[in-house]
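Inspection log for the structure reproduced underneath, given as structure tokens.
Each reported figure results from applying straightforward, stated rules to the coordinates on display, with no laboratory input. Predicted, not measured: the structure shown is a model, and the values here were computed from it. Virtual Cβ from ideal backbone geometry, glycine too; neighbours counted across all protein chains shown.
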Amino acid sequence: MKKYLSVLVIPALVVLFFSGCIKHTDPYTQTCNYDPCAYKVSDSEVVRVQHYLDSAGITATKHCSGLFYTIQNPGTGNAPVACSNVSVTYKGMFTNGQVFDSSNTAVDLSLARVIQGWANGVPLIKEGGSITLYIPPSLGYGPDPYRTIPGNSILIINVGLAKVY
């Protein structure tokens, strides 16, 4: 009986546990089984971002997840989903204006492999569009430092969507 548990049940439980965190794409319809509203940030994070926006005089829309955004240009081309491959330009900053990363030339990436703030925000525009994302820590890198990004950082990312693949 113990052998049965270790060979069949435990691996199945591990797969089941981790599969809930994966964004799935149906290869036949190219639809993405990802609900951007399934995870919501804490009220305290929403308050922190809202405080920053108010103090900076920025009017932004609140997404169901707790992400805030402003659309500069909605775009007119193809619309991505949270699992799309896209080509983007971007500039990532902290609330003090310090730039932590940027690319003025288009970079190809998969929205299935980026932080949730990107996956939730980029599908709000179409090709040719641009958006500014105000990402609470839980939709970014969370409480732990990541490279040059301190833990619990609110991220501001300007994104230009060049192409959806």
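Here are some notes:
- Subset of region 110-165 (residues that are under 12 Å from the mean Cα position of the chain (by Cα), among the aliphatic types (A, V, I, L, M) and outside any helix (DSSP H, G or I)): Val114, Ile115, Leu133, Ile135, Leu155, Ile156, Ile157, Val159
- Residue within region 84-101 that is in contact with a Ser or Thr (Cβ under 7 Å, 6 or more places away or on another chain), among the hydrophobic types (A, V, I, L, M, F, W, C) and not in a helix (DSSP H, G or I) present: yes
- Scope region 33-64; condition closer than 18 Å to Val122 by Cα, among the small types (Gly, Ala, Ser) and free of Cβ contacts under 8 Å to residues at least 40 places away in the same chain; matching residues: Ala38
- Looking only at residues in region 38-72 that are farther than 14 Å from Ser138 by Cα and small (Gly, Ala, Ser), the one that is surrounded by the fewest Cβ atoms within 10 Å (Cβ to Cβ) is Gly57.
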